[in-house]
Amino acid sequence: MYSTLEQKYQRLQKDLRNGVIALGGIFCTGTLWYWQVEKWSLLDAAYMTVITLATVGYGELQPLGQRGRMFTIWLILMGVIVIGFIVNRFTEALIEGYFQEGARIRQQRRLVDSLIGHYILCGFGRIGRQIALEFQAENIPFVVIDSAVPSVEAALALGYTAVQGDATLDEILLNVGIDRAICIVAALPSDAENLYTVLSAKTLNPKVRAIARATTEEAVKKLQRGGADAVVSPYITGGKRMAAAALRPQVMDFLDGVLTGTDSSFYMEEYLIDPKTCVYVGQTLRNAKLRSQSGALVLAVRRAGGTLIVGPTGDTAIEGGDMLICLGTAEQLRTLNQILSPLSFRLPRPPK
């Protein structure tokens, strides 16, 4: 499954290859004719074929009969047509930058193939662009998928890794490493496309976290039944945030500051407690002294079973599989990450 850009490049390569093969076939035909039919030496036959195809205007090496001259006329015409075709395609490639495009496509493929533990963003519309900005601000490795050439070109112009294709197709998802990804965000304009994307992603990689966009409450329910781990409706969420901004402006300013990854001094981060590497499993928050060691504040604890403890006390125990939701500066959260998971510093991901 090649994108439109790749199809153009592949078609150009095929045309040039076929042109060179045709020219080689005409050269071999001319050489064999002068060698076998006209009974010239092999060197003279090859030389006569070359100067005929090149139309340099030299005379006949040896006298030719009517049959030989008719064949030479045919050889000249075929040579002019094939060489003209090759020159035309080569010139078009230079003018339109197909050779540079081919190099860029190969570089993009190598980059995508090297991604591990990355995020996949499906759709580069207005919402997709904002998501990409947040990912970039957090230094998250991600790849963009969009079926529209202008959107892909816009993503590439911004320095993102982008692939043109239909995100609902298994082949496209496999090409961008869905089996190695940790999260996929379906931000396509159609609820049906987002549902198909989530279903395909979960089938190919059941462990991937799927975030989907929905436009209606009915779509929210269907996407949740389809396997989406989180569903966001821009209209519903936007309405709630606007109402909250009107009623509780200071709270919203604070939350916006800690949730976004740009121009912020405080961040919120989540940490998964691995019982194999975390030495604080079984201890209380008071005994673990996470606040005094790192300076970060534990806002909530989500148990492995799904129970959420908001504002945990010092007597709250740390258990294996817990998810700690913490607040602090970037340096405080990095320090907390080293304390909780010293053997796997990359996961959970430290903030910017």
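The values are calculated or read from the model by the stated rules, or taken from the named source; none is laboratory data. These figures come from a predicted structure and were not determined experimentally. Virtual Cβ from ideal backbone geometry, glycine too; neighbours counted across all protein chains shown. Only protein heavy atoms, including side chains, enter the accessible area calculation; ligands, DNA and RNA are left aside. Shrake-Rupley method; radii C 1.70, N 1.55, O 1.52, S 1.80 Å.
Check the range 91-101 and report whether any residue there is in contact with a strand residue (DSSP E or B) (Cβ under 7 Å, 6 or more places away or on another chain) and open to solvent by 50 Å² or more (accessible area, probe 1.4 Å). No: zero hits. The set of residues in the range 132-146 being in contact with a helix residue (DSSP H, G or I) (Cβ under 6 Å, 6 or more places away or on another chain) and open to solvent by 10 Å² or more (accessible area, probe 1.4 Å) consists of PHE142, ASP146. Pairs meeting the criteria (first residue in the range 154-169 and among the aromatic types (Phe, Trp, Tyr), second residue open to solvent by 30 Å² or more (accessible area, probe 1.4 Å), beta carbons under 8 Å, at least 6 apart or on different chains) are TYR160/GLN136. Against the conditions (1) part of a loop (DSSP other than H, G, I, E, B); (2) within 30 Å of GLU319 (Cβ to Cβ); (3) touching a Phe, Trp or Tyr at 6+ places or on another chain (Cβ under 9 Å); (4) not small (Gly, Ala, Ser), THR168 satisfies every one except (2). Looking at GLN36, GLN7, which is the one that is at pLDDT below 80, open to solvent by 30 Å² or more (accessible area, probe 1.4 Å) and not aromatic (Phe, Trp, Tyr)? Exactly one of GLN36, GLN7 is at pLDDT below 80, open to solvent by 30 Å² or more (accessible area, probe 1.4 Å) and not aromatic (Phe, Trp, Tyr), namely GLN7.
In the range 270-284, of all residues being under 18 Å from VAL310 (Cβ atoms) and in contact with a helix residue (DSSP H, G or I) (Cβ under 8 Å, 6 or more places away or on another chain), the one that is surrounded by the most Cβ atoms within 10 Å (Cβ to Cβ) corresponds to TYR271.
Within the range 244-253, the set of residues being among the hydrophobic types (A, V, I, L, M, F, W, C) and open to solvent by 100 Å² or more (accessible area, probe 1.4 Å) comprises LEU247 only. Of all residues in the range 285-322, exactly one satisfies the criterion of being within 16 Å of GLU270 (Cβ to Cβ) and in contact with a Phe, Trp or Tyr (Cβ under 7 Å, 6 or more places away or on another chain), namely ILE318. Among residues of the range 185-243 being hydroxyl-bearing (Ser, Thr, Tyr) and buried (at least 19 other Cβ atoms within 10 Å of the Cβ), the one that is nearest to ILE120 (Cα to Cα) is THR197. Could you list, in sequence order, the residues of the range 268-286 that are farther than 26 Å from LEU255 by Cβ and in a loop (DSSP other than H, G, I, E, B)? Within the range 268-286, ASP274, PRO275, LYS276, THR277, CYS278, VAL279, TYR280, VAL281, GLY282, GLN283 qualify. Against the list (1) over 13 Å from the mean Cα position of the chain (by Cα); (2) open to solvent by 30 Å² or more (accessible area, probe 1.4 Å); (3) under 25 Å from TYR235 (Cα atoms), the condition VAL149 fails is (3).
Is it the case that the range 64-78 has a residue that's among the β-branched types (Val, Ile, Thr), exposed (fewer than 13 other Cβ atoms within 10 Å of the Cβ) and under 17 Å from ILE184 (Cα atoms)? For the range 64-78, residues among the β-branched types (Val, Ile, Thr), exposed (fewer than 13 other Cβ atoms within 10 Å of the Cβ) and under 17 Å from ILE184 (Cα atoms): absent.
Close Cβ contacts (under 6 Å, 6 or more residues apart or on different chains) running from residues in the range 184-207 that are assigned to a loop (DSSP other than H, G, I, E, B) to residues that are among the charged types (D, E, K, R) and surrounded by 22 or more Cβ atoms within 10 Å (Cβ to Cβ) comprise ALA187/ARG213. If only residues of the range 289-341 that are acidic (Asp, Glu) and under 16 Å from LEU272 (Cα atoms) are counted, the one that is surrounded by the fewest Cβ atoms within 10 Å (Cβ to Cβ) is GLU319. Somewhere in the range 163-170, is a residue within 30 Å of ARG334 (Cβ to Cβ), open to solvent by less than 60 Å² (accessible area, probe 1.4 Å) and of a type in the set (A, V, I, L, M)? The answer is no, given that none of the residues of the range 163-170 is within 30 Å of ARG334 (Cβ to Cβ), open to solvent by less than 60 Å² (accessible area, probe 1.4 Å) and of a type in the set (A, V, I, L, M).
Is one or more of the residues making up the range 135-149 over 20 Å from ILE182 (Cβ atoms) and either in a strand (DSSP E or B) or touching a Ser or Thr at 6+ places or on another chain (Cβ under 8 Å) (or both)? Yes; the residues of the range 135-149 include at least one that is over 20 Å from ILE182 (Cβ atoms) and either in a strand (DSSP E or B) or touching a Ser or Thr at 6+ places or on another chain (Cβ under 8 Å) (or both). Pairs are defined by a Cβ separation below 6 Å, a sequence spacing of at least 6 or placement on different chains, a first member in the range 218-232 that is under 10 Å from LEU199 (Cβ atoms) and touching a residue at least 40 places away in the same chain (Cβ under 8 Å), and a second member that is open to solvent by less than 70 Å² (accessible area, probe 1.4 Å) and aliphatic (A, V, I, L, M); the pairs so defined are ALA228/VAL198; ALA228/ALA210; ALA228/ALA212.
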